[in-house]
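The values are calculated or read from the model by the stated rules, or taken from the named source; none is laboratory data. Since we're looking at a predicted model, the values are computed, not measured. Quick reminder, even Gly has a Cβ in these numbers, built from the backbone with ideal geometry, and neighbours come from all protein chains shown. Quick note on the areas: whole protein, heavy atoms, side chains included, nothing else; ligands and nucleic acids left out. Shrake-Rupley method; radii C 1.70, N 1.55, O 1.52, S 1.80 Å.
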Amino acid sequence: KKYQFNTLFYEVSPRADAAYRSDYLPSSRFVTSDEGAVILTDPLNVLLETADMENINVVASLSLLYAGEIDDTFSPESPVVLHPEWFVTIDNSFYFDPRCAEVREFWTEVLAELVETHRVDGIVLSGLDSFKEMDFVEATQELIDQCIDTIHRVDANLSCGISLHHTAKSNLYL
């Protein structure tokens, strides 16, 4: 109220996990302190209910490539554990490999579930500029296209977009 905000951006999947109840991703260590622990109350639903009372829009943000550090402890339900072939390692970090068709399909399923089960006002796909190599860039563009198509298939009116950090590469996705 003090700042008269009208939109809140909430990171629902910071690193191959979920800050909400999901059938595809383990609970986030940032919500439960232990990745994969049971979430008794869905924090995204609580946020959505509270924001609705205050007339604040909630946009869900998902980091689609970054999955965590090599030294992190991952739950047995983590995609990093279940599907190590989906990842590449760069500078001691795990990243989903967008060249892998299963990765693209996985994220479309995660997004469909999120949009179907939570009344978010928009979706932001973030962390998409992790790679410089052209084959990764082209595959990331395909991932973006498939994700946005999925969002609009589930809810044709839902706002969606991408968040880029490295402006030198940003024009590759437009």
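Using Cα-Cα distances under 8 Å and only pairs 6 or more residues apart, what relative contact order does segment 17-174 have, in percent?
21
3J(HN,Hα) along segment 88-96: 10, 10, 9, 6, 6, 10, 8, 10, 4 Hz, from the Karplus curve 6.51 cos²θ - 1.76 cosθ + 1.60 with θ = phi - 60°, whole Hz, x for Gly and Pro.
Model label sites at Asp145 and Glu102, defined 7 Å from Cα along the beta-carbon direction, differ in position by 2.3 nm. Exposed loop sites are taken as trypsin sites (Lys or Arg not before Pro) in a DSSP loop (any state but H, G, I, E or B) with at most 14 other beta carbon atoms within 10 Å; the longest stretch of the chain without one runs 3-118.
Less than 5 angstrom separates the built amide H of Ala37 from those of Ser27, all sequence-distant by 5 or more or on a different chain. The listed residues Ile90, Ile39 rank as Ile90, Ile39 when sorted by accessible area, largest first, using a 1.4 Å probe.
Considering only protein heavy atoms and a 1.4 Å probe, what is the carbon-and-sulfur percentage of the accessible area of segment 1-40? Taking all protein chains in place, segment 1-40 shows 52 percent carbon and sulfur surface. Sorted largest first, the spans of the alpha carbon positions of segment 55-94 along the three principal axes are 42, 23, 17 Å. Of all beta bridges that DSSP places with both ends in the chain, some 30 percent have antiparallel geometry. Taking the three principal axes of the alpha carbon atoms in segment 2-42, the coordinate ranges are 35, 18, 16 Å, sorted in descending order.
Rg over Rh for segment 1-77 works out to 1.03, both radii taken from alpha-carbon positions and Rh defined as the Kirkwood radius. Amide H to amide H, with H built 1.01 Å from N, Phe94 comes under 5 Å of Ala67, Gly68, Glu69, Ile70, counting only residues 5 or more places away or on other chains.
Proximity of backbone amide H atoms, modeled 1.01 Å from N, is registered between Glu11 and Ser61 at under 5 Å, excluding neighbours fewer than 5 places apart on the same chain.
Given the rule -39500 (n - 2.57) for each run of at least 4 DSSP H residues, summed and divided by the residues of the chain, what is its mean residue ellipticity at 222 nm, to the nearest 500 deg cm²/dmol?
Helix-only estimate at 222 nm: -10500 deg cm²/dmol.
Counting Lys and Arg as +1 and Asp and Glu as -1 over every other residue whose Cβ lies under 14 Å from the Cβ of Ile39, the net charge comes to -4. For segment 75-174, with all protein chains in place and a probe radius of 1.4 Å, 50% of the accessible heavy-atom surface sits on carbon or sulfur.
Here the Gaussian network model covers the chain, with springs between Cα atoms less than 10 Å apart; of Ser13, Ser75, Ser27, Ser75 fluctuates the most. Annotation for segment 82-165: GluC sites (Glu not before Pro) lying in DSSP loop with at most 15 further Cβ atoms inside 10 Å of their Cβ are Glu133.
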